[in-house]
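The values are calculated or read from the model by the stated rules, or taken from the named source; none is laboratory data. This one's a predicted model, so the numbers in the text were calculated from it and none came from an experiment. Cβ coordinates were reconstructed from backbone atoms using ideal geometry, including for glycine residues, and neighbour counts include every protein chain displayed. Heads up: the accessible areas ignore ligands, DNA and RNA and are worked out on the full protein's heavy atoms, side chains in. Shrake-Rupley method; radii C 1.70, N 1.55, O 1.52, S 1.80 Å.
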Amino acid sequence: MLTLHALFGAPEAVAAQGALTIKAHAWLLSWLRCAEAMLRRLVLIEAAAVAKPVSRACLTRRRQRAPKLSRFNAENPEAWPVSFRCFPADARPPARSHMRRPEDVSEAPRVRSAWPLAERYEALIRVFNDPAAFARRAARRLYALPRLLSQALRAPPHAAARVERFAVLAELIAAIWPPRFSSA
């Protein structure tokens, strides 16, 4: 987290930029993916301490959330509606059938919005500062669907080089979670 802040500043600084070059966007995104992989592992370790729920029905129930209308303000990241996915979906390439290829290279957009990355960055900070709620939610989902563990352990190939003791976290999780599932 300190490295992210040293390299890119705070999430509000990223959001205030409005747009990033394609190269800067890719660089920040690769660092965010590594940080997300690290935090998922830390949340899974914390989730191991959460007691197994009594009823299986409460594990799979989903809450209905009302959409929140908010205005994004780069100076107030605490008000941003952000989310952290402990169990990310399979990565699929974006559908490009509706996009036309520019005939002139100078017509191609050379920047991308900084807001989605700033929101992901803010979500990381919130999880890092208070992981308990995320750990409880992750524990409920893991007890209901143990196969999600492998999904949560997915990481970019360069995460081990960027995060200290990254492999140790995976070993610790492997030692904690399988014994719990074998007795379930």
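The stretch between Ile45 and Ser113, if pulled fully straight at 0.36 nm per residue, gains 21.1 nm over its current Cα-Cα span.
Beyond 17 Å, what percent of the Cα pairs of the stretch 124-177 remain? Could you put the intermediate results ahead of the total?
On the way: 709 of 1431 pairs.
When every Cα pair of the stretch 124-177 is considered, 50 percent fall beyond 17 Å.
The listed residues Leu148, Leu172, Leu153, once ranked by accessible area (1.4 Å probe) with the largest placed first, stand as Leu172, Leu153, Leu148.
For an R0 of 30 angstrom, estimate the FRET efficiency from the Cβ-Cβ distance between Ala19 and Ala174 and round to the nearest 0.05. For Ala19 and Ala174, the calculated efficiency is 0.15.
The figure for Ser83 is an accessible area of roughly 90 square angstrom, using a 1.4 Å probe on the protein chains alone.
In this label model, Ser30 and Phe128 are separated by 2.0 nm, measuring between points 7 Å along each Cα→Cβ vector.
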